[in-house]
């Protein structure tokens, strides 16, 4: 059996909803022991977020299921003195703590980084928040859509008819989670070399901004404001979405030879020498004139036919799939991106596995998302808390 990259690493996960759970999901898929430390009254809010009421009532909402395979769950009221004491015991042999509360919450609870690092100097502590731990906006509430708006990401989407426009999934939360997972891995590598733990401050706003690097560089360096182009690509023409007989196709003719190949495949060689379209920069300036000329040819055949013919001539092109089609296309099946795991009382469900394919240390899904407090007995018994003590703590609402 292959050894997991993070085998032997213990992560205490105090996160909720998406950004933090997405972070710890990746650590869990790489083999870390991730222990979700959840409020006894309902646990992670994502447990009741989803489109299936019966799962929400079981505190296993689809939103929770998507981010929490391979993890263990314990319930613990860290606001209580007894709960705080138990958490401090857990920290002694932990490698990583991840939380996504507002700045200052953990300090007010008496379990912030300063306290934890004195107990465990090798601890890596990752705090995820909307705006970071410091600055004029640090204490403001932040959800994904708020960050999408404040980052400028919504402002560069859409066209003159529909703008601003949010991305159709919580891109800021997920990118923030990936950034945090990357940072934790880097900090673990640093600790391997030096023995030092450290504090990591992740802001969702910071995390999303570099993803707009090309657009931002045009403004920062070239003083060019973003242009609302909808489904067109500002780097080249024809590069964007075009109508076909049965739908739409994406074509990315970014090189001159690809443009000439488009003309050949579509049967319009005269456009190659048309002064409006002959050179790359003039094509970009005249894209609104070019698109209807190309679509007049493209509507004669089905999307799949054009995709085949254009790709055969080394012109990148592709169908625009529905989410359902995308999830089950042959390439996704070949890459084994979706994994089936059993969910008690519901049958097999499909979730995403690790999409980085390691040759020697592959990540995998070993267990389904945990029910709330599923691992209380296992974890607390290992810390020397007897069964009768656990029953008393449960009665008090500590666990």
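Read-outs throughout are calculated quantities, based only on the coordinates presented, and are distinct from any laboratory measurement. The structure displayed is predicted, hence computed values, not measured ones. Note that we place each Cβ from the backbone using ideal geometry, even for glycine, and neighbour counts take in every protein chain shown.
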Residue identified as touching a residue at least 24 places away in the same chain (Cβ under 8 Å) and either in a strand (DSSP E or B) or in contact with a helix residue (DSSP H, G or I) (Cβ under 6 Å, 6 or more places away or on another chain) (or both) among 295, 350, 309
309
Segment 312-328: number of residues that are farther than 18 Å from residue 246 by Cα and not in a helix (DSSP H, G or I):
5
What's the number of the condition residue 245 fails, among (1) within 30 Å of residue 137 (Cβ to Cβ); (2) touching a helix residue (DSSP H, G or I) at 6+ places or on another chain (Cβ under 9 Å); (3) surrounded by fewer than 16 Cβ atoms within 10 Å (Cβ to Cβ)?
(1)
Only unsatisfied item for residue 364, checking (1) part of a loop (DSSP other than H, G, I, E, B); (2) more than 14 Å from residue 68 (Cα to Cα), is (2)
Picked from segment 211-252 (must be touching a strand residue (DSSP E or B) at 6+ places or on another chain (Cβ under 6 Å) and part of a loop (DSSP other than H, G, I, E, B)), the residue farthest from residue 160 (Cα to Cα) is 238
Conditions first: (1) more than 28 Å from residue 168 (Cα to Cα); (2) in contact (Cβ under 8 Å) with a residue 24 or more places away in the chain; (3) buried (at least 16 other Cβ atoms within 10 Å of the Cβ). Residue 319 passes all but one, so which condition is the exception?
(1)
Got at least one residue in segment 152-160 being touching a residue at least 40 places away in the same chain (Cβ under 8 Å) and more than 24 Å from the chain's Cα centre (by Cα)?
yes
With criteria (1) part of a helix (DSSP H, G or I); (2) surrounded by 14 or more Cβ atoms within 10 Å (Cβ to Cβ), residue 274 comes up short on (1)
Quick check on segment 366-393: of everything there that is crowded, with 20+ Cβ neighbours inside 10 Å and in contact with a helix residue (DSSP H, G or I) (Cβ under 6 Å, 6 or more places away or on another chain), which residue is nearest to residue 44 (Cα to Cα)?
369
